[in-house]
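Asks: Supplied in structure tokens, the structure appears directly below.
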Amino acid sequence: MALQLRPNCEYCDKDLPPDATEARICSYECTFCAECVDTKLRNVCPNCGGGFTPRPVRPATEWRKGVSVAHQPPSDQRVHLKRTPDEIASLRARVSDVPPERR
Ligand SMILES: [Zn+2]
Ligand SMILES: [Zn+2]
């Protein structure tokens, strides 16, 4: 099963198409833009507490048969964060000083 390429930042709703270099994901595929990860979330996923990594770009070209963004298209389901700003801030305060590999 392919990584789910979600279409937007959960925090600010910015579009993040499959070739976006600024898309960031956690291990659960929660998806945010780099600016929100750096400035609002401080590398703490508000849904799971994990860190983020750049989302790989899915190739537009079918270099190998049956694998490309046309064959495994991005999700069209926009996702919106359900946490309140207070909930985000309190988790960030508890977690952001712990390196992701020790969370
Ligand atoms: Zn954002
Ligand atoms: Zn997460």
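The values are calculated or read from the model by the stated rules, or taken from the named source; none is laboratory data. Predicted, not measured: the structure shown is a model, and the values here were computed from it. Methodologically, a virtual Cβ is constructed for each residue, glycine included, from the backbone with ideal geometry; neighbour enumeration extends over all protein chains shown. Ligands, DNA and RNA are excluded from the accessible area calculation, which covers all protein heavy atoms including side chains. Shrake-Rupley method; radii C 1.70, N 1.55, O 1.52, S 1.80 Å.
Asks: With the requirement that a residue be open to solvent by 60 Å² or more (accessible area, probe 1.4 Å) and closer than 13 Å to D19 by Cα, what does segment 60-78 give you?
Replies: Listed by number, the residues that qualify are A60, T61, A70, P73.
Asks: Considering only residues that are touching a strand residue (DSSP E or B) at 6+ places or on another chain (Cβ under 9 Å), near ligand 1 (Cβ under 10 Å from one of its atoms) and open to solvent by 10 Å² or more (accessible area, probe 1.4 Å), which ones fall in segment 25-35?
Replies: A34
Asks: So if I check each of V79, V98, which one is part of a loop (DSSP other than H, G, I, E, B) and under 25 Å from P7 (Cα atoms)? Talk me through it step by step, then tell me what you get.
Replies: Values: V98 fails: under 25 Å from P7 (Cα atoms).
The match here is V79.
This table checks each residue for (1) farther than 25 Å from M1 by Cα; (2) touching a Pro at 6+ places or on another chain (Cβ under 8 Å).
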site: Y28; (1), (2): no, no
site: T61; (1), (2): no, no
site: L91; (1), (2): yes, yes
site: R94; (1), (2): yes, no
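Asks: Quick check: anything in segment 33-40 among the hydrophobic types (A, V, I, L, M, F, W, C) and in a loop (DSSP other than H, G, I, E, B)?
Replies: Looking for residues that are among the hydrophobic types (A, V, I, L, M, F, W, C) and in a loop (DSSP other than H, G, I, E, B), one finds none in segment 33-40, hence no.
Table: residues versus (1) polar (S, T, N, Q); (2) open to solvent by less than 50 Å² (accessible area, probe 1.4 Å).
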{"position": "E10", "(1), (2)": "no, yes"}
{"position": "A23", "(1), (2)": "no, yes"}
{"position": "V37", "(1), (2)": "no, yes"}
{"position": "V44", "(1), (2)": "no, yes"}
{"position": "G51", "(1), (2)": "no, yes"}
{"position": "R58", "(1), (2)": "no, yes"}
{"position": "H80", "(1), (2)": "no, no"}
{"position": "T84", "(1), (2)": "yes, no"}
{"position": "I88", "(1), (2)": "no, yes"}
